[in-house]
1. How much of the accessible area of the chain, probe 1.4 Å, is carbon plus sulfur, in whole percent?
2. What is the P(r) of region 8-57, as percent of Cα-Cα pairs per 10 Å bin from 0?
3. Looking at region 1-79, which trypsin sites (Lys or Arg not before Pro) are in a loop (DSSP not H, G, I, E or B) and have at most 12 other Cβ atoms within 10 Å?
4. Could you give the angle, 0 to 90 degrees to the nearest 10, between helix 52-77's Cα long axis and the longest principal axis of the Cα atoms of the chain?
5. How many Å² of accessible area per residue for region 1-71, probe 1.4 Å?
6. Tell me the accessible surface of SER10 in square angstrom (1.4 angstrom probe, heavy atoms of protein chains only), to the nearest ten.
7. Would you mind checking the radius of gyration and Dmax of the chain based on alpha-carbon positions, in Å?
Amino acid sequence: LLRTIGFANSPSILRVLGVIPGLRDMVFLVTGVWMLVATVIAVRQALDYRGTLRAVGVCALGWLIQGILLFIVLSLLGGGAGPAP
């Protein structure tokens, strides 16, 4: 599973193109959607699911857990959203 998800996240290397002025948002959107679709396909194949909906659920659950953990870590480090000092 780690290998397939690793390959699914390989389009993130293209985010380097985000340093070009005016391209950052488009590059991040395109690579983000590409990685999401590739991750769903990778999970479906690696876990041998017959339906795509189940793989989408697994990816959504993983995304939610990642978001919660990132929020907690940023809150503990003081880097969360809020007014700048």
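The values are calculated or read from the model by the stated rules, or taken from the named source; none is laboratory data. Please read these numbers as outputs of a predicted model, since none were measured by experiment. Here the Cβ is made from the backbone with ideal geometry for all residues, glycine too, and neighbour counts use every protein chain on show. These area figures cover heavy atoms from the full protein model, side chains too; ligands, DNA and RNA do not enter into them. Shrake-Rupley method; radii C 1.70, N 1.55, O 1.52, S 1.80 Å.
1. It is 73 percent, rounded to a whole number.
2. 27, 40, 22, 11, 1
3. ARG50
4. 20 degrees
5. Each residue of region 1-71 exposes 78 Å² on average to a 1.4 Å probe.
6. Surface open to solvent at SER10 totals about 60 Å².
7. Cα-based Rg and Dmax for the chain come out at 15.7, 52 Å.
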